[in-house]
Each structure stands twice: as structure tokens, then as C-alpha cells.
Amino acid sequence: MRNFKIALAQYSPSIGNIALNAKKMLEQAQQAQQQGADIVVFPELALIGYPPEDLLLRPSLLKRTQQGLSTLQQIKDIIVVAGYVHIDDAGQRYNSAALIKNGEILGVYHKQNLPNYSVFDEKRYFTPGQQHLIFEHAGHKFGILICEDIWIEQNTQQLTKLGVETILVLNASPYEAGKPQTRQNLVSKLSKTYNVRIVYVNQVGGQDDLIFDGASTVTNINGEIAARAKLTDEQLLLIEYNAEAKAYLVQEKPPALDTIPEIYQLLVMSVRDYVNHSGFPGVILGLSGGIDSALTLAIAVDALGANRVQAVMMPYTYTAQISVEDAAAQAKRLGITFGIAEINPIVNGFMQTLYPFFGDGPADATEENLQARSRGTLLMALSNKFGNLVLSTGNKSELAVGYCTLYGDMVGGFAPLKDVYKTIVFELAKYRNSIEKTPVIPERVITRPPSAELRPDQKDQDSLPSYDILDAILYMYIEEDLSQDSIIEKGFDAEVVKKVIHLVDRNEYKRRQGAIGPRISSRAFGRERRYPIVNGWNAGA
């Protein structure tokens, strides 16, 4: 038995671009070999990227995969463990890991436990595997698992009974608040329980509405974390095994972040990757002087740089002067392209055109929505003209209860705060201000009562309960799936609970038409929470 090194290739694939991914993996493997690594481990489905969804149904998948594997087979003098899609002679697809050395595929492992909950639907695409794969190197016995497999304890138990000393786990594990620590606790517990070392390699990067946070981890048999990769960054992490100590040498690890800084960094990454991978030159958003757009602007600048961000303030009759001042102040502090476009002429033009239909009837939400839709039209026109992606600035609390306007403030191609409750928006804004001597978000944007400013002296709490109460009810109803009666039993006012749940249920149609946004919770709107738009379910039970 001798010492050896393993390289954890925590990388961000280009989903579906197998040729590009294979080239990148080749380069990373060569770099790992040059740094003295014996083995390099890539994430789950690294060759095509995760989740590939219905790209897996394309007729050219087999040909492209074979070409990608041929590229990986060019790698010499290092063992490669790489996630890919295996297609057998019968046309069955498997979520697999290839064991490659000096041009030869020595073995293939098929993922045995296919998740089919939350954001996962692997049973739609893959056939489960039935056997373990074990190999030896430097007198050390290795086993391979893929993502969900490590969460099924009997897999670890079986491998250790077969004499495996280190389990290599290939992962594409999406982020949700607290998930990095949960994963770390899991592998530590398994290592300690079964006297096995675990090398856990995770994908990193934003992909549509999913965030892959990285945080790849190595544990020793006492549950000790020997190494941990960074959040948000691609990284080739090398870890050395000392045969005499029978342990991976402990490295200095990046400090674990508190939840709010963690969420902020990952929202920044998701915006950066969505915009860059989609090929947009930059982004544009409506800057209202309120906290949601202020936070969205800060995230956008941190993600892309000030030179790729444009904001437009679009005041109307009811817009407070301090809103204009605060928007301009933040734009100046961040150094972005900024302009002011009065919407009075646009709204008045709409009203004149609609007068034969509306007559002299009293104003209501219709006139308010015309303001929002005028702003949305301006943003989309600027997007069309200059090519920048419109960022929608709404948060999860508003989207949940429909406190937003279709084709108005909901316009856009990406919504960074879509899965962020309003109470967390405030925390994120305070955090962003805390990391610089001069706060980038004007203080009164955070402290003044939230308002859509669509009518005189309007406040959000005119229509909604206070956000701490609203978010608590929403969390129980959405994340915890509690019934109306169960929430009331916890001490919340019955009429408030009934109103909130009614608003959530009746506004599914709006959410279906909104922009996608990064998932940070255990129950985001979208692929994870799928309710019929029209249904007669009674939320009381």
C-alpha cells in the first residue's frame, strides 16, 4: 500500500454541449495528472451536464456520448471516474460512471437509486442499476456511488462489507438553504458509522432555476472533514492519502458561511451563469426606489459588473420624490447606466384610448395595473433594442399571493428573488450593505414601509398582513404543506390565514406565466410545486 492523490473536479458543465464538456474534462484531468493526482473524479452526468431533461431523448445522444467518451479516453497516466449517460444495446439509458484508464473503459457503474421527487424526475429517463463497482489502486479499495445512492444507507453498508475503504460519490446536488451542511453531516455520519472514507464531488454553477453550490467534501473514517471545496467556484481540489496514517491529510478549508451570505453568493452565481450561458450582453431592470429592485440591482452588479447593468427609474404621479432620489443614489454608488423615463404620457395615452370603454367610472386596480404595464412595456422595448435581459424584481411573498401585475412588474426573463421571501429580502439587503464601508443600498430603502406606489399613500400592508406574519403563513402552507386548519391551530388569525391561502390558490395562473428564478428553498414555485391552475380542492383540510 502506498500514498496517492485524488483530484475532485468540481466543475460547471455546459448542459448538452457534450463536445465542449469533454474537452474541458480532458484539460482538467491533464491538469490533475500534472499536479500528481492518481485519480480524478468528476460530478454526476458530467459529460452532458445535469439536469439534461429531454435532451436525453434526442436520437443523436448515443453518437455524441461515444464521441465524448473517445475524448476522455485520450487521457493518460491517471484514472478517470466520470459521470455520463450509458445506453445499452436494448436502448436503455443509465445514469452512469465510467472508470477509465489509459484509453480503456475498465468498468461502468449504473446509479441504483433514481430520485423522483422535488426537482428530480430520473425515472422518466433512466433504468436503475443493480450492481456495485469496486476497483483497486495503490493497494486501496474504492467503490463508486452516484448522488442519491449515498442517501440510501444500505449502499454504504454493502460497500464496506465488500472491503471498500474509500467511496467515490459523483453528485449533481441542487442547492437549498442549509443543504451544504446537511450533506456534510451525512457523509461525516456515514464515514464514522461504517469506518469508510468518502470523496463527495458536486457540480457547481447555475442552471436555469437550479443552483449547484459545489462544496465538494472529503471525510476520514472518524467523520472528520479532511477537505472541502468552495461554494460557487469551479475548483480542482487535490487531497492526499497517507498510507501510514490510513487517512486523507487534513487541509485548510474555506469557512462555512452563515445562511444569508450563502444565499446571497449563490443568487449572484445564478444570475451570472444564466446571463452568460444564455449569451446576453447584460441586463436591464426597473429601479423603483424600493427594496426588491435595489437588492436585484446589487446582485446583478456583483454578478456581471457595472458595465453590463442598466436600470431605469419610471416615475408616475404617485411616485415619491425620495424614491427617485434613492434610485439615482444607488445607481451612482454602483456606477451603472441609469436613466429616468416618465410614464405619465404613456398612462394618459392608455386612459384616453380606453375612455370610450371605461367612461367616468371610478378608478380601481385597472388603472394601477396600467402603470405597471407601461413600465413593463418600456423595459421590454429597451431589451429588444439593445439585447439586454430584463430582470424581474418580484419576491416569493408577492408572487405567492399574486401581489404583482402580469405583463407589468412580472415582465422579464429571469427573476433573481423569485424564491426569496420578503423578510429574507430585507436580511439580504442588510448583508450586502454590511460588506462595504459605503452601503450600496440607501438606508431608507430598507427602513421605509414597502409600497408599490400605485395610488396615493399606498403601503403593501394596506392589502397584506405584515410580512413577518405573511411569510410565516406562506412557509407553513407552501414548504410544510400544512392545511388551513392546521395553521390556524398554531395561533394565527383565522381570517388572515383564509385570505392568504385563498390568494395563493387563486394566483397559480400568474405564477405559471412568470419568469423562472433560482431555487433556494425546499419548495420553490415551478417544477417542484405543481398544482392545477383550475381545481376545486378545499385547502381547509
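The values are calculated or read from the model by the stated rules, or taken from the named source; none is laboratory data. This is a predicted model, so every value here is computed, not measured. Because the Cβ atoms are built from the backbone with ideal geometry, glycine has one as well, and the counts that use them run over all protein chains shown.
Look at residue 89 and say whether it is at pLDDT below 95 and more than 23 Å from residue 248 (Cβ to Cβ).
On the way: at pLDDT below 95: yes; more than 23 Å from residue 248 (Cβ to Cβ): yes.
For residue 89, the condition - at pLDDT below 95 and more than 23 Å from residue 248 (Cβ to Cβ) - is met.
Of everything in segment 86-145 that's in a loop (DSSP other than H, G, I, E, B) and acidic (Asp, Glu), which residue is nearest to residue 162 (Cα to Cα)? So the residue we want is 88. Within segment 263-291, restricting attention to residues that are surrounded by fewer than 24 Cβ atoms within 10 Å (Cβ to Cβ) and among the small types (Gly, Ala, Ser), the residue that is nearest to the chain's Cα centre (by Cα) is 278. Looking at segment 205-219, which of its residues are outside any strand (DSSP E or B) and buried (at least 23 other Cβ atoms within 10 Å of the Cβ)? Those that are outside any strand (DSSP E or B) and buried (at least 23 other Cβ atoms within 10 Å of the Cβ): 209, 215, 216. Every test in (1) over 19 Å from residue 6 (Cα atoms); (2) under 27 Å from the mean Cα position of the chain (by Cα); (3) assigned by TED's automatic domain parsing to the domain that holds residue 27; (4) in contact (Cβ under 8 Å) with a residue 40 or more places away in the chain is passed by residue 183 save one, and that test is (4). Residue 237 falls short on exactly one of the conditions (1) at pLDDT below 95; (2) more than 30 Å from residue 523 (Cβ to Cβ), and that condition is (1). For segment 131-166, a residue qualifies if it is among the aliphatic types (A, V, I, L, M) and farther than 18 Å from residue 84 by Cβ, and the qualifying residues are 134, 138, 150, 152, 159, 162, 164.
Search segment 136-155 for residues being surrounded by fewer than 22 Cβ atoms within 10 Å (Cβ to Cβ) and either touching a Leu at 6+ places or on another chain (Cβ under 6 Å) or polar (S, T, N, Q) (or both), and hand back the single one that is nearest to residue 197 (Cα to Cα). Of everything passing the filter in segment 136-155, 155 is nearest to residue 197 (Cα to Cα). Within segment 392-451, the set of residues being farther than 27 Å from residue 507 by Cβ and not β-branched (Val, Ile, Thr) comprises 430, 431, 432, 433, 434, 436, 437, 439, 442, 443, 444.
Within segment 364-400, being outside any helix (DSSP H, G or I) and touching a residue at least 60 places away in the same chain (Cβ under 8 Å) holds for 387, 388, 389, 390, 391, 392, 393, 394, 395. In this structure, residue 412 does not satisfy being surrounded by 22 or more Cβ atoms within 10 Å (Cβ to Cβ), closer than 14 Å to residue 290 by Cβ and either at pLDDT 95 or above or of a type outside the set (Phe, Trp, Tyr) (or both).
Could you list all residues from segment 458-505 that are acidic (Asp, Glu) and either over 31 Å from the mean Cα position of the chain (by Cα) or assigned to a loop (DSSP other than H, G, I, E, B) (or both)? Break it down stepwise before answering.
So in segment 458-505, the residues acidic (Asp, Glu) come out as 460, 462, 468, 471, 479-481, 485, 489, 493, 495, 505.
Selection gives 462, 480, 481, 485, 489, 493, 495.
In this structure, residue 96 qualifies as within 16 Å of residue 108 (Cα to Cα), in contact (Cβ under 8 Å) with a residue 12 or more places away in the chain and buried (at least 16 other Cβ atoms within 10 Å of the Cβ).
Somewhere in segment 438-448, is a residue more than 20 Å from residue 325 (Cβ to Cβ), modelled with pLDDT of 90 or more and either surrounded by fewer than 22 Cβ atoms within 10 Å (Cβ to Cβ) or out of contact with any Pro (no Cβ under 9 Å at 6 or more places or on another chain) (or both)?
no
If you go through segment 244-272 and pick out every residue that is aliphatic (A, V, I, L, M), closer than 26 Å to residue 423 by Cα and either outside any helix (DSSP H, G or I) or touching a Cys at 6+ places or on another chain (Cβ under 8 Å) (or both), you end up with 2.
Specify which of the listed residues (167, 198) is of a type in the set (A, V, I, L, M, F, W, C), crowded, with 24+ Cβ neighbours inside 10 Å and either assigned to a loop (DSSP other than H, G, I, E, B) or without any contact (Cβ under 8 Å) to a residue 40 or more places away in the chain (or both). Spell out how you get there, then give the answer.
Details: 198 fails: either assigned to a loop (DSSP other than H, G, I, E, B) or without any contact (Cβ under 8 Å) to a residue 40 or more places away in the chain (or both).
The match here is 167.
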